[in-house]
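Single-structure report; data block below.
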Amino acid sequence: MSHSAATEDIVALASAVLRVRQVRNQVFDADYFSDPAWDLVLALKSKGKLTQRALVPICRIPESLVQRYCNLLINDGLIRICGAGPTYELTSEAISKLDKVLESSGVQLSSGGK
């Protein structure tokens with residue numbers, strides 16, 4: 001598998017994990033499984049650069065929590081501000097760590113991440 005196909009598969013897997021978490025939170029009480037930082041990282045991996053406001057409906061948490069967790073992730077060097085709004089993106093360190101976690105799942109996606 002080419003490097004770009006592998007990258008597409010990891011992005012597709014991040015999107016799938018985020019969708020499963022969203023459905024799970026619709027079926028079960030979301031308070032049982034709340035993990036905003038993980039949802040933020042998955043959203044940024046699957047969607048790329050996102051504004052603070054765009055992260056609210058994806059992660060299904062209030063904007064104040066998005067801001068709080070983004071600040072924690074910035075302080076830990078996992079995301080950075082890359083524009084107005086503010087707009088966030090994962091750092092190369094976060095991408096490397098998240099790819100390692102997702103690759104360890106053993107899930108095989110079809111070629112091209114589709």
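What follows is calculated from the coordinates using simple rules that are stated; it is not laboratory data. On a predicted model such as this, the values are computed, not experimentally measured, just so you know. Neighbour counts are summed over all protein chains in view; Cβ atoms, including those assigned to glycine, are modelled from backbone coordinates with ideal geometry.
Below, the figures for the structure above:
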| quantity | calculated |
| --- | --- |
| Approximate spin-label separation Val101-Arg60, in nm, with each point projected 7 Å along Cα-to-Cβ | 1.8 nm |
| Residues with amide H under 5 Å from that of Glu89, placed H, sequence gap 5 or more | Arg80, Cys82 |
| Cα Rg over Rh - the chain, Kirkwood | 0.97 |
| The chain - percent relative contact order, Cα under 8 Å, separation 6 or more | 35 percent |
| Gain upon complete extension [Val20, Lys49; 0.36 nm per residue less C-alpha separation] | 8.3 nm |
| Förster-model FRET efficiency, 30 Å R0, Asp29 and Ala6, C-beta, rounded to 0.05 | 0.25 |
| Nearest-20 debye value, segment 3-105 charge dipole, Cβ charges on Lys, Arg, Asp, Glu | 220 debye |
